[in-house]
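Undergrad: Shown below is the structure under consideration.
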Amino acid sequence: MLTNVQSLKIQLMEEGIHIPEGVREAVSGPVTLADYASTSGITMMLGEDVWVNAPIVDFNSNFVKDPPHRLVHQGNFFFVESGGKRHEAKLLPVPSYHDKHTTSTGELYIWHAITHADRVRISPIGGCAMACQFCDIPYVAKYRKKSVEALVESIRTALNDPGLPARHVLISGGTPKPEDYGWQNAMYETVVNTFPHVKVDVMMVPMPGLLDPEHLKSVGVYGLSINIEIFNVALARRIMMSKWKASRKTYFDFIEKTVKVFGGDGRVRSLILVGIEPVEDTLQGVEALAQLGCDPVLSPFRPDPATPMRNHRPPSMETLIRVYEKSVEIVERYGVKLGPRCIPCQHNTLTFPDGSSAYCYS
Ligand code: SF4
């Protein structure tokens with residue numbers, strides 16, 4: 001049974017939030033950096049521990065139409081007004097470095113790193129060697145390898161940011177071309193060696209020859225996110241052909257091996273989109289991951305205007321609640337959790353802390 005604040009998070013993910021002009025003026029700096037399909041909105045903490053990234057019309061005019069929820073500013077506080085009730089909201093600022101440049105290349109820091117809640121995500125590859133129809137990366141950026149020096153400088157800046165200091169690191173971004181696999185692995189090592197006291201996770205496609213779980217663990221990578229995205233084979237083939245070519249067996253064999261290497265305490269996660277395929281397929285995917293000791297991460301599909309799927313609708317509240325509740329039952333059977341276990345990092349996922357020590361702040 002969801003609490004009122006948990007239900008509100010789900011409604012916000014489906015319908016978005018309205019920010020009146022007067023309230024925008026109360027926010028210092030931009031309300032969002034809108035850097036990715038699922039982080040296009042404003043990030044808030046509702047209640048004690050419910051984190052949400054709520055889409056806004058600025059970046060999701062394709063489906064945010066006259067939302068029945070609005071942000072209110074009163075005194076020093078923000079609230080979400082919805083259904084005649086007010087819920088206190090802690091609005092997260094964008095990082096102070098958002099308009100500053102690296103000294104190494106002179107490019108904006110945000111071309112390399114973006115902090116969301118307490119995690120800085122770096123994207124070493126701009127663009128992507130693949131093209132999934134739900135993801136904006138291949139449609140908004142050309143393929144390029146970024147300066148490792150600038151990436152490291154950006155992480156350091158994010159960790160020391162006075163407004164929104166990052167606590168841990170995620171290395172994701174586009175998938176490299178095969179000729180850049182060596183470069184990508186050297187970059188992983190450089191980041192981990194430069195910040196030995198910071199947890200560094202890697203999110204990547206398990207293309208043959210790209211990732212070696214044993215090596216990544218031995219150099220100090222904390223965890224891996226290997227995202228299956230879509231479980232329905234026919235839909236996966238149509239929507240994410242390049243990933244589908246890697247084959248489901250490749251993914252699941254890799255995830256099984258990675259859980260053996262990294263352990264099953266949430267260090268290995270796999271994101272699955274909710275709202276593209278039939279619910280039963282998503283739940284089968286959740287079960288297939290949980291069986292392997294991997295934490296499934298439910299990611300409500302947010303159609304991005306830059307992608308071929310811009311005219312799709314986000315999943316309804318009913319769908320999200322059904323998938324969430326069934327998934328909780330499934331993961332309990334297999335002794336895993338819905339990821340991510342870092343509470344602030346749940347802002348763009350269908351996850352809530354359950355009061356256990358498994359969910360925590362980094
Ligand atoms: S492989 Fe990842 S980064 Fe590349 S298009 Fe697909 S989802 Fe986006």
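Undergrad: Which value, in nm² and rounded to one decimal, describes the direction-averaged projected area of the C-alpha convex hull of the chain?
TA: Here the figure is 16.6 nm², rounded to one decimal.
Undergrad: If you project the alpha carbons of segment 67-137 onto their three principal axes, what span does each projection cover, largest first, in Å?
TA: Result for segment 67-137: principal-axis Cα extents of 47, 34, 17 Å.
Undergrad: Can you tell which of Tyr36, Tyr324, Tyr109 shows the greatest fluctuation in a Gaussian network model of the chain with Cα springs below 10 Å?
TA: Tyr36
Undergrad: If the cut-off is a Cα-Cα distance under 17 Å, which lysines reach Lys90, setting aside same-chain residues fewer than 8 apart in sequence?
TA: Those lysines meeting the cut-off are Lys9.
Undergrad: What shape does segment 182-339 take by its C-alpha gyration tensor, where a ≥ b ≥ c are the square roots of the eigenvalues and a/c under 1.5 counts as rounded, a/b above b/c as prolate, and the rest as oblate?
TA: Prolate is the answer for segment 182-339, as a/c is 1.5 or above and a/b outweighs b/c.
Undergrad: Compute the normalised compactness of segment 95-224: alpha-carbon radius of gyration over 2.2 N^0.38 Å, N being the residue count.
TA: Against the empirical 2.2 N^0.38 Å value, I get 1.00 for segment 95-224.
Undergrad: Now, a different point. Assign one of three labels to segment 214-307, namely rounded, prolate or oblate, based on the Cα gyration tensor with a ≥ b ≥ c the square roots of its eigenvalues; rounded applies when a/c is under 1.5, prolate when it is not and a/b is larger than b/c, and oblate otherwise.
TA: Judged from the Cα gyration tensor, segment 214-307 comes out prolate (a/c at least 1.5, a/b above b/c).
Undergrad: I'd like to check one number: the per residue accessible area of the chain, probe 1.4 Å, reported in Å² as a whole number.
TA: Accessible area per residue, the chain: 41 Å².
Undergrad: Sticking with this structure for a sec: Residues in segment 29-57 near a label at Arg310, defined as backbone nitrogen under 13 Å from the 7 Å Cα→Cβ point?
TA: Taking a point 7 Å out along Cα→Cβ of Arg310, no residue of segment 29-57 has its backbone N under 13 Å.
Undergrad: Using the basic label-point model (7 angstrom from Cα toward the beta carbon), what is the Thr190 to Glu107 distance in nanometres?
TA: Label at Thr190, label at Glu107, 1.2 nm between them.
Undergrad: Further question: Convert 20 °C to kelvin, take the viscosity as 1.002 mPa s, use the Kirkwood radius over C-alpha pairs of segment 4-91 as Rh, and evaluate the Stokes-Einstein diffusion coefficient in µm²/s, rounded to a whole number.
TA: 167
Undergrad: From the cross-link list Lys260/Lys337; Lys260/Lys326; Lys245/Lys326; Lys177/Lys337, which pairs have alpha carbons spaced over 23 Å apart?
TA: Pairs exceeding 23 Å: Lys260/Lys326; Lys245/Lys326; Lys177/Lys337.
Undergrad: Here's something else I'd like to know. Any idea what the relative contact order of the chain is, in percent, if you count C-alpha pairs under 8 Å spaced at least 6 apart?
TA: Computed value for the chain: 16 percent relative contact order.
Undergrad: For the full complex of protein chains and a 1.4 angstrom probe, list Trp111, Trp244 by accessible area with the highest value first.
TA: Of Trp111, Trp244, the descending order of accessible area is Trp111, Trp244.
The values are calculated or read from the model by the stated rules, or taken from the named source; none is laboratory data. Computed from a predicted structure; not experimentally measured. Heads up, the Cβs are rebuilt from the backbone with ideal geometry, glycines too, and the neighbour counts pull from every protein chain shown. Just the protein is used for accessible areas: all its heavy atoms, side chains included, with ligands, DNA and RNA removed. Shrake-Rupley method; radii C 1.70, N 1.55, O 1.52, S 1.80 Å.
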